[in-house]
Amino acid sequence: MVSFMPLVDREPVGDSGSVTLTAARKSAPRIHWAWVVAPVSFVAILGAAGFRSVPGVMMNPLHHEFGWSHGTVGLAMSVNMTLFGLTAPFAAALMDRFGVRPVLSAALLLIASGSALSVTMTTSWQLVLLWGVLVGVGTGSISMGFVATVATRWFEARRGLVTGVLTAASATGQLIFLPVVAEVTTRHGWRWASLIVAAAALSVIPLVLVFMRNYPQDKGLTAYGATTTEPAPVPASSFRAAFEGLVIGARVPAFWLLAASFAICGMTTNGLIGTHFIPAANDHGMPTTVAAGLLATIGILDVAGTVFSGWLTDRVDPRLLLVVYYTGRGLSLLLLPSLLSPQAEPSTWVFVIFYGLDWVATVPPTIVLCRNYFGARTPVVFGWVFASHQLGAAIAAGGAGWLRDLQGDYDLAFYLAAGLCLVAAGLCAQIRKPQVSAGAE
């Protein structure tokens, strides 16, 4: 697991027009509180990520027990991913209004409730309600909008790196939970696996309540690496602030390019591979536990790839990084149908390695581009960019299941995804050099 090393806070340098914190610094701890908030955020995302490993593992068991098709389970995940995305901008605004701790705690409680209550379901509408609505709203509140909130509020220096690490938390959760969920489902049934995921989400709530803080000012500090405080805008209405973020973004062409490319990112990650890789591998004769192990390995590589992407984002033009990432992902998906094999032969590992390093490497440069364009408004504006990501994921989750039911395999879904990745690369190449807009701060 990625851990945060304690870093010594830097001495702020003020001027006549800035707010200095000399007095507060005398009583401040040597470890900047940002390096407490970041690990707590990492663990919260980790706990919420437990559910992300559930659908692929449980799709075939649910099909065998209830007769639900791949399209039916895919529909539930489409609702989940749609709400996952649409909740993000409103959750960011609610965190501005009510604070991070209550919103984060309520979200974890929703995830736990949806997962635990699913052991009693007997009809497909209950699957849509619990997996789709409850878990969708809960996970959407602890998503990339939350990552952007923490990175923007607490870090001036190392923002790209922190964004990469927090983004990798979902992949780390996949790494931890996938083998457990697959093994428990195989040996004891999917209901026990659902209860384990619920317990994981509940266990994080005390940590959030004790250690999470809203702003550096709450501890008498500036953001890490900053020399002045920036008054945080508190919206008059949380929902109004969310819609204002959409209006602000809609005026900038780069917003639409980032939103469209990020929608394709969602289609080709959470929607397709995250939901359908295991049943696709099953179609090629691969056991569920082996397929889950490969997906977990993708999670391991994703941690490294995303953190490295965050490091690169601090040094390389993020537009160039996005073009490279989407092109590489498209090539790997194009080859996937010919690389799957019953016993995970070396050809299968070619896909696992290349795709794993690229899974969500797109997130740090996308957030940084939003920050460069929209400044302090980044969390809410990026919430809408992320909403497009999840709408894309929802389309792919349902569409790939429908194609599987129609054709008997996932090959066409993989080929279409490969082509869309090349479209995303072209969109990112059209983004102009970012400049902070006049009304961003």
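Points to keep in mind about this one:
- One residue from Ser309, Ser332, Ser341, Ser347 being assigned to a loop (DSSP other than H, G, I, E, B) and of a type in the set (Ser, Thr, Tyr): Ser341
- Ile264 within 23 Å of Phe84 (Cα to Cα), modelled with pLDDT of 90 or more and β-branched (Val, Ile, Thr): yes
- Val247 being at pLDDT 75 or above, surrounded by fewer than 17 Cβ atoms within 10 Å (Cβ to Cβ), closer than 30 Å to Ser78 by Cβ and among the hydrophobic types (A, V, I, L, M, F, W, C): yes
- Only one of Gly274, Gly249, Gly293, Gly266 that is on the phi < 0 side of the Ramachandran plot, small (Gly, Ala, Ser), assigned to a helix (DSSP H, G or I) and in contact with a His (Cβ under 9 Å, 6 or more places away or on another chain): Gly266
- Residue pairs meeting the criteria (Cβ under 9 Å; at least 6 apart or on separate chains; first within 15 Å of Cys421 (Cα to Cα) and free of Cβ contacts under 8 Å to residues at least 40 places away in the same chain, in the range 350-361; second of a type outside the set (Phe, Trp, Tyr) and in a helix (DSSP H, G or I)): Phe354/Leu301; Phe354/Gly328; Phe354/Arg329; Phe354/Leu331; Phe354/Ser332; Phe354/Leu335
- Every condition in (1) within 27 Å of Phe51 (Cα to Cα); (2) buried (at least 24 other Cβ atoms within 10 Å of the Cβ); (3) modelled with pLDDT under 85; (4) more than 15 Å from the chain's Cα centre (by Cα) is met by Phe374 except one, and the failing one is (1).
- The residues in the range 103-112 that are in contact with a Phe, Trp or Tyr (Cβ under 9 Å, 6 or more places away or on another chain) and open to solvent by less than 10 Å² (accessible area, probe 1.4 Å) can be counted, and the count is 3.
- If you go through the range 173-189 and pick out every residue that is out of contact with any Pro (no Cβ under 8 Å at 6 or more places or on another chain), open to solvent by 10 Å² or more (accessible area, probe 1.4 Å) and not polar (S, T, N, Q), you end up with 9.
- Residue check for Gly426: closer than 16 Å to Arg319 by Cβ and open to solvent by 10 Å² or more (accessible area, probe 1.4 Å): yes
- Residue check for Gly132: closer than 24 Å to Ala263 by Cβ and not aromatic (Phe, Trp, Tyr): yes
- The range 190-226, residues that are among the β-branched types (Val, Ile, Thr), in a helix (DSSP H, G or I) and open to solvent by less than 70 Å² (accessible area, probe 1.4 Å): Ile196, Val197, Val204, Ile205, Val208
- Matching residues, the range 113-169, being surrounded by fewer than 23 Cβ atoms within 10 Å (Cβ to Cβ), modelled with pLDDT of 80 or more and in a loop (DSSP other than H, G, I, E, B): Met121, Thr122, Thr123
- Those helices (runs of 4 or more DSSP H) of the range 34-99 in which at least 2 residues are more than 22 Å from Val385 (Cα to Cα), in contact with a strand residue (DSSP E or B) (Cβ under 9 Å, 6 or more places away or on another chain) and touching a residue at least 60 places away in the same chain (Cβ under 8 Å), considering only elements entirely within it, cover 34-48.
- Test: residue in the range 387-410 that is modelled with pLDDT of 85 or more, β-branched (Val, Ile, Thr) and either in a loop (DSSP other than H, G, I, E, B) or surrounded by fewer than 24 Cβ atoms within 10 Å (Cβ to Cβ) (or both): yes
- Candidate set from the range 294-324 (those that are of a type in the set (D, E, K, R) and over 11 Å from Asp358 (Cβ atoms)); member that is surrounded by the fewest Cβ atoms within 10 Å (Cβ to Cβ): Arg315
- All of (1) open to solvent by less than 10 Å² (accessible area, probe 1.4 Å); (2) under 19 Å from Ser332 (Cβ atoms) hold for Leu357 with one exception: (1).
- All positions within the range 265-286 that are open to solvent by 10 Å² or more (accessible area, probe 1.4 Å) and closer than 13 Å to Ser388 by Cβ: Met267, Asn270
- From the list Pro346, Pro364, the lone residue that is farther than 21 Å from Pro55 by Cβ and crowded, with 17+ Cβ neighbours inside 10 Å is Pro364.
- One residue from Phe84, Phe98 being crowded, with 18+ Cβ neighbours inside 10 Å and aromatic (Phe, Trp, Tyr): Phe84
- Residue selected from the range 227-240 under the condition open to solvent by less than 40 Å² (accessible area, probe 1.4 Å) and in contact with a Leu (Cβ under 9 Å, 6 or more places away or on another chain), by the criterion modelled with the highest pLDDT: Thr229
The values are calculated or read from the model by the stated rules, or taken from the named source; none is laboratory data. As the structure is a computational prediction, the values presented were derived from the model and not from experiment. Because the Cβ atoms are built from the backbone with ideal geometry, glycine has one as well, and the counts that use them run over all protein chains shown. Only protein heavy atoms, including side chains, enter the accessible area calculation; ligands, DNA and RNA are left aside. Shrake-Rupley method; radii C 1.70, N 1.55, O 1.52, S 1.80 Å.
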